[in-house]
1. Any chance region 204-218 includes a residue that's touching a residue at least 24 places away in the same chain (Cβ under 8 Å), outside any helix (DSSP H, G or I), of a type outside the set (Phe, Trp, Tyr) and open to solvent by less than 80 Å² (accessible area, probe 1.4 Å)?
2. From the list Leu114, Leu137, Leu62, which residue is under 20 Å from the mean Cα position of the chain (by Cα) and assigned to a helix (DSSP H, G or I)?
3. Can you give me the number of residues within region 31-59 that are in contact (Cβ under 8 Å) with a residue 24 or more places away in the chain and in a helix (DSSP H, G or I)?
4. Hey, does region 119-137 have a residue that's open to solvent by 60 Å² or more (accessible area, probe 1.4 Å) and hydroxyl-bearing (Ser, Thr, Tyr)?
5. Within region 1-30, how many residues turn out to be free of Cβ contacts under 8 Å to residues at least 12 places away in the same chain and within 28 Å of Leu77 (Cβ to Cβ)?
6. Only residues that are in a helix (DSSP H, G or I) and farther than 19 Å from Trp170 by Cβ: list them for region 117-131, please.
7. For region 177-196, which residues satisfy the criterion of being open to solvent by 80 Å² or more (accessible area, probe 1.4 Å) and modelled with pLDDT of 85 or more?
8. Give the residues of region 5-18 that are open to solvent by less than 60 Å² (accessible area, probe 1.4 Å), of a type in the set (A, V, I, L, M) and under 28 Å from the mean Cα position of the chain (by Cα), sorted by residue number.
Amino acid sequence: MTAAVLRAATARRRRLVLAAAAAATVALFVARALLGDYQIAAPDAVRILLGADLGPASFIFLETKLPTALVALAAGLALGGSGAAFQSMLRNPLASPDVMGVTLGASAAAVTGLVVAGLTGAQVTAAAFAGGLAVALGIFVLSGGAHSASNRIILIGLGLAFALQAVIHWVLIRGSVYQARDAMRWLSGSLNAMTWDGVSRLWVAVAVGLPLLLLLGRPLRLIEVGDDLAGGLGIRVPRVRLAVLLVVVLLTASATSVAGPIAFVGLLAGPIARRLNAGRSSLPLAALVGAAVVLGADLLGDARWPWGPLPVGIITGLLGAPMLVALLLRSTSEEEIHG
């Protein structure tokens, strides 16, 4: 088999994988919009979207189920693509916004705004963006800049994450019982009570940020091979890193401000997409995997559990914790082999 034929076969396989991931994401989106405690038949959903008034079914579908599905889709796309971008930029599968503290920075700022300042809507999104950006810039400054070792950056991010966790607890203690309860529900990564305002805010951020992130995919793949090689091919590595940082913070903060910190989606999506893509990173595939993870986890959490529905962040946390342990063990084993 010639090299050209092999490349064509590989490209065809990657397109098929991407199409399959897109089809699975669409199927999960439809399932999330129709299934659950109150199920909507597909023909009825089409009639409602075309303007028919089916009484309670119309209200539940348009005001509860559809906004929830749209937020789950957008949050998954944002977090999945952001996680894969960080992992490529830092050349480390442990590098994701939630593990490194960027998500907690956005959460701390959002919770402070909610509880202390009484912020709402777009104000919470702005506060979350400012908090996530401050943490991200703090990580890179404390680690010595863009050329620092990825392990050093990740460890500093973990240290800041612990400090931010303490800030969140302090803010919750200052608030009233009702504020603390609402904030804790939000901090669990819950998609309950989604509104069309939240849908519009999140989708505007995704519509702006995700295409920008995909445009950075090629320079990121070169940076993943090495800074020197990327620089030799004309890639301005510091500028690309800064651009990725800003876009990732925008996507992560927007998703966090609307849906809360949905744990480990960025950590899960990148390695899964890489495995499906024959070991090569793919931001579009990682974004779709992230969307499928959030939609599937929310659908699973909304099942008829004896104790009631589970927030989506609980499900993704249960899925992501073993993945984090596996990645840590694998990283340790590789260091021992190369050491």
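The values are calculated or read from the model by the stated rules, or taken from the named source; none is laboratory data. Just so it is clear, the structure is predicted and the values come from calculations on it, not from any experiment. In this analysis, Cβ positions are derived from the backbone assuming ideal geometry, glycine residues included, and neighbour counts consider all displayed protein chains. Heavy atoms of the whole protein, side chains included, go into the accessibility calculation; ligands, DNA and RNA do not. Shrake-Rupley method; radii C 1.70, N 1.55, O 1.52, S 1.80 Å.
1. yes
2. Leu137
3. Taking region 31-59 and keeping what is in contact (Cβ under 8 Å) with a residue 24 or more places away in the chain, we get 31-38, 40.
Restricting the remaining residues to those that are in a helix (DSSP H, G or I) gives 31-34.
Matching residues across region 31-59 total 4.
4. Among the residues of region 119-137, at least one is open to solvent by 60 Å² or more (accessible area, probe 1.4 Å) and hydroxyl-bearing (Ser, Thr, Tyr), which makes the answer yes.
5. Selection size over region 1-30: 9.
6. Hits for region 117-131 are Ala122, Gln123, Thr125, Ala126, Phe129.
7. Passing the criteria: only Trp196.
8. Ala11, Val17
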